[in-house]
1. TRP138: net charge of surrounding residues, Cβ under 14 Å, Lys/Arg +1, Asp/Glu -1, itself excluded?
2. Mind giving me the nanometre distance, one decimal, between the label points for ALA225 and SER167, set 7 Å out from Cα along Cα→Cβ?
3. With θ set to phi - 60° and the Karplus curve 6.51 cos²θ - 1.76 cosθ + 1.60, what are the ³J(HN,Hα) couplings of the range 179-192 in order, to the nearest whole Hz, using x for Gly and Pro?
4. Cβ under 12 Å from VAL223's Cβ, VAL223 left aside: what net charge do those residues give with Lys, Arg +1 and Asp, Glu -1?
5. By accessible area of protein heavy atoms, probe 1.4 Å, what ranking do HIS305, HIS279, HIS34 get, highest first?
6. What FRET efficiency would be calculated for the residue pair ASN205, MET1, taking the C-beta separation as r and a Förster radius of 30 Å, to the nearest 0.05?
7. Compute the relative contact order of the chain as a whole-number percentage, counting only Cα pairs closer than 8 Å that sit 6 or more residues apart in sequence.
8. Once you place label points 7 Å from the Cα toward the Cβ at TRP298 and SER128, how far apart are they in nm?
Amino acid sequence: MFFILDIVLFIMFTGAIIARSILVPRKMLESLHHPVEGLFFGAYWVSVSLILNATQSYGVPNCGPWLIKAIEILFWTYCAIVLLVAVFQYYVFFQDERMSVADAMPTWIFPVYPLLVVGPMAGTFIPSQPPEAAYPMWVGAVMMQGLAWTVSLMMYSIFTQRLMTSSLPGPPTRPGMYVSVGPAGYTSAALISLGTQAPNVLPNNVFDTVAIPDGDIAKAVCVLAGVFVILFSFWFFCISTVAVVAGIKQMTFTLNWWAFVFPNAGLTLAAIQVGKVFHSPGINGVCSALTILLVTMWLITAVFHIRAVYRGTILWPGKDEDEK
């Protein structure tokens, strides 16, 4: 049900963006250069990755081998596109924009955000891929995840500097602080997922070891690294939650509210992977509760979003992200 809804919404929103570009051609370039709106370009590609994930889950078990090959091609195409986005969008901001550290937000991570979901996406694809396709996909996913995590750490530093030397974001934009939950969450989920699959993917001549299979070495390293990182995500979740609760009386709806959902999905996915690898019923129960909360927050945010559009407080000229 949600997959079909996702496809319908994606087509609708893509059509709206195309219509805007045709009706007002200059708006597309202005949008990409906008210090706030331009950052959301990365979120578009995260949506594409979610559709590919669901295609693997619902399509591959019910289609022929052609879809497995198509998934492999789409994976590498996606990696190439989002790598170019991460390079050139940051270059545009470095070259043409001057953004104050006092206004730093976790959304500065957005140009590299699509790379953060490459690891979890590969973890979903690899089980159905043949060995000759699974091995390069595993290696590529680890490399892409490393790039995204490293760039995110640099942006974390800038945001933390803002919090230490300036002030918290205004109450309406504080939900955007949850974006900082995502990088560590998705990285943890990716490392654990890829690690648990390493024994079935890696050949035994990668690390030139004799006594221990290479896949087992990679599994141990990846799982430990994923567990090491996950609480960093939870720490930012706690800080963001305290900040939101402290300013809840002054909050009005902005597009930042969607950060209640997708970054916290990364933390939930990571917790699910931890529960699987340690076979913990307690953690699995917490993950079920988190999943229910995510669905609830998605529905609440969607209702407030529609209400805000109807009232003309967002997605109108001079409002919200369209305001310089």
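The values are calculated or read from the model by the stated rules, or taken from the named source; none is laboratory data. The model shown is predicted, which means the values in this text are computed figures rather than measured ones. With ideal geometry, Cβ positions are generated from the backbone for all residues, glycine too; neighbour counts draw on all protein chains shown. Surface accessibility is based on the protein's heavy atoms, side chains included, excluding ligands, DNA and RNA. Shrake-Rupley method; radii C 1.70, N 1.55, O 1.52, S 1.80 Å.
1. For residues surrounding TRP138, the net value is -2.
2. It is 4.1 nm.
3. Running phi through 6.51 cos²θ - 1.76 cosθ + 1.60 with θ = phi - 60° gives 4, 5, 6, x, x, 5, x, 5, 5, 4, 4, 5, 4, 5 Hz.
4. Numbers: positive: LYS219, LYS276; negative: ASP216.
Result for the local shell: +1.
5. Details: HIS305 40, HIS279 150, HIS34 10 Å².
Listed by decreasing accessible area, they come as HIS279, HIS305, HIS34.
6. Details: r = 46 Å, r/R0 = 1.52.
Working from the Cβ atoms, E equals 0.10.
7. Values: 400 pairs, mean separation 52.4, N = 324.
Here the relative contact order equals 16 percent.
8. 1.9
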